[in-house]
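Below is one structure, written out as structure tokens; the observations come after it.
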């Protein structure tokens, strides 16, 4: 091809994606993206055809969450684009880097209510980090380059590119994108040096510190730094749902998750600490409970790359804007110059250990029914703790967070901020495609699964050997739990006992389906499913009215845990 | 307390929507928002007035900064800025009222830009407090219509 050869806009999109190092996209064709799909037909860029566009967005997220690379999804105009919306919002709330490419009607039809026209950039405006409505085909390469840059740097997030079919059909001489020049986008990476000194001193002097670690630590790749800081100064570590695996759950300094369904000892430690070191976390209401009583004795040190998070919910004494990895690295260097005093926190760690032994997570095992927590524990045992776990949303998600000890970043993949039911299966597909070296297991719920279970078709079509472990209680379990505890047991529209046989559904798709009703079948079923080359669904018929404990009722202080004392359900 | 933000944004389609949308979804109320080209044709300047008692101004500017198309934000205060607003006001001006309207206009250095048998339209460019005084003096005559541009403000030159 000579430098002057013209190519179509659609070919330019494929080429620009490949120049960004994109190796797989998740999508669904439609009228205005036929030119793009024709370009794909002639290229070696791998495309995974999902069964619903929402699945494409979640798969792109799963891929991004598992690999740390930018995930890409594609949909047509109108309904294709609106079906992506949930996944884009999900990526926005959890700061996940994805690029969503949507087709748009011909430029001269925009605004005429043309067939399959929707104002995609308008609809997605509040849920994207940035978006583009392409005006000139020759800008495509530059826009795609910028989109990847914006999605993957700073605080990551979704970027949408809406491409009128006119641009996909236009022919022009392709020019590789030049360096990104965005005058309004320059994330602060390095922390303020004076603040870093102040922070190091505060950490060094604190007798009762707690590290409160959020998803930013994973996006920044700062897990080693967190571990170094914790172990060198003997600081207990609690992680948010988004940061499971950012610090090994097996480590003696690990407190597990904090917040609404966090461990009692994590919540007690936060309540009693004198220094709360928040790294890449955003003081979400599910973490803090009632804000006015959150960490009442603590001086707060807040490290975040997004200045808008600093002081949004909690006013920190020591704010540091910067990349978690770089800031922690500098704090560690600063701490290293100080006199080592690892015994400073010894008394504190003893107290924390007391709480841990007195308030360990616990569930009832003796009534003959299958406890969902047991299933999660068995998944942990059978996989040796090495699997990548995705989850749906609700009780299944909380048990997956509580009863599996994550030791690696990007090992736990869950819809945290948006709480999107139906996330687990498509995210597992994306994660498995991104990490073929790992076993991916979706710990799902029967309610959530029915929202996106058509993606079993995708998993079978592409031989994606995921295992779906359904904690099937035939309830919309988390809402039922709230109804039981706070709404006088009015189970209004949460009983979904009428449901298909999920093992047969799996079978019908050409996947492996297993139904498990007893404890002694759990491990074998898991081994069979993992060994089978096909995707598998295991329908675990678990105890129906099991609750997630401990629980901090919404809007109360995190020390007001129900079931927090013993971590067990009170018998009525 | 009113806050005035001078916001330099890229002159690209959809930028106004992004800014307005941000204010709406974060629950910030805009008193006025004026946008026009700046000295650099690639950039537009917005002057945004908001009530800072209701919303932490800090959070507003931080959220604005997150918009990729926002290049620079400067918060202006009364001492550091020159602020003006233009208003067109149509008052009843029949009989004796006409003389009175003209006198008030003269005091405030307002211009008569339109007149008919019953009404008179005055144009005034002034700082917000002066504009308010002008409007309230005209009230007894009968104000038929008020059109205001919203505040534009510029930082004072450094001496």
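What follows draws every value from the coordinates through simple rules; no lab data is involved. Predicted model only: the values in this text are computed from it and were never measured. Cβ atoms come from the backbone with ideal geometry, glycine included; neighbour counts cover every protein chain shown.
Taking 0.36 nm per residue of sequence separation and subtracting the Cα-Cα distance, how much length would be gained by fully extending the chain between residue A:5 and residue A:519, in nm to one decimal? Before the final figure, lay out each step's value.
On the way: separation 514, 0.36 × 514 = 185.04 nm, distance 6.54 nm.
In short, 178.5 nm is gained.
If R0 is taken as 35 Å, the Cβ-Cβ distance between residue B:12 and residue B:77 corresponds to a FRET efficiency of 0.75.
Across q = 0.08 Å⁻¹, the stretch A:193-358 modelled as identical point scatterers on its alpha-carbon atoms has Debye log10 I(q)/I(0) values of -0.19, in the order of the q list. The Rg/Rh ratio for the stretch A:417-487 is 1.06, where Rg is the radius of gyration of the alpha carbons and Rh is the Kirkwood radius.
When the convex hull of its Cα atoms is viewed from all sides, the stretch A:6-173 shows a mean projected area of 8.3 nm². Each residue of the stretch A:322-470 gets 168 Å³ once the volume of the Cα convex hull is shared out per residue. Fewest-first ordering of B:116, A:139, B:31 by other beta carbons within 10 Å of each residue's beta carbon gives B:116, B:31, A:139.
Using bins of 10 Å that start at zero, the share of Cα-Cα pairs per bin across the stretch A:124-174 amounts to 25, 49, 22, 3, in whole %. Only alpha carbons enter this Debye calculation for chain B, each as an equal point scatterer, and the log10 of I(q)/I(0) it gives at q = 0.09, 0.18 Å⁻¹ is -0.38, -1.02. Tell me whether chain A comes out rounded, prolate or oblate; compute the Cα gyration tensor, take square roots of the eigenvalues as a ≥ b ≥ c, and use a/c under 1.5 as the rounded threshold. Judged from the Cα gyration tensor, chain A comes out oblate (a/c at least 1.5, b/c at or above a/b).
Using alpha carbons only, the radius of gyration of the stretch B:2-76 set against its Kirkwood radius gives Rg/Rh = 0.93. Footprinting exposure proxy ranking of A:390, A:383, A:112, fewest other C-beta atoms within 10 angstrom first, gives A:112, A:383, A:390.
Inter-chain neighbour count for B:69-82: the average number of beta-carbon atoms from partner chains within 10 Å of each residue's beta-carbon is 1.
Normalising the Debye intensity of the stretch A:81-130 to I(0), with uniform scatterers on Cα atoms only, and taking log10 at q = 0.14, 0.22 Å⁻¹ returns -0.38, -0.78. Expressed in units of 2.2 N^0.38 Å, where N is the residue count, the Cα radius of gyration of the stretch A:372-541 is 0.96.
What the Cα convex hull of the stretch A:461-572 gives, in volume per residue, is 152 Å³. Peptide A:309-322 has a mean of 1 when you count, residue by residue, the C-beta atoms of other protein chains within 10 Å of its C-beta. Compared with the dominant Cα axis of chain B, that is its longest principal axis, helix B:96-107 is turned about 40°. Working value for the stretch B:82-155: equivalent-ellipsoid semi-axes of 22, 11, 10 Å, each the square root of 5 times a Cα gyration tensor eigenvalue, largest first. Counting only other chain Cβ atoms within 10 Å of each residue's Cβ, the peptide B:6-14 averages 2. The orientation-averaged projected area of the convex hull spanned by the Cα atoms of the stretch A:89-220 comes to 10.9 nm². What number, rounded to the nearest 500 deg cm²/dmol, is the helix-based mean residue ellipticity at 222 nm of chain A, given -39500 (n - 2.57) per DSSP H run of at least four residues and division by all its residues? That calculation yields -11000 deg cm²/dmol at 222 nm. Fewest neighbouring Cβ atoms within 10 Å first, the residues A:357, A:10 line up as A:357, A:10. Helical runs (DSSP H, four residues minimum) scored at -39500 (n - 2.57) apiece and divided by the length of chain B put the mean residue ellipticity at 222 nm at -8000 deg cm²/dmol.
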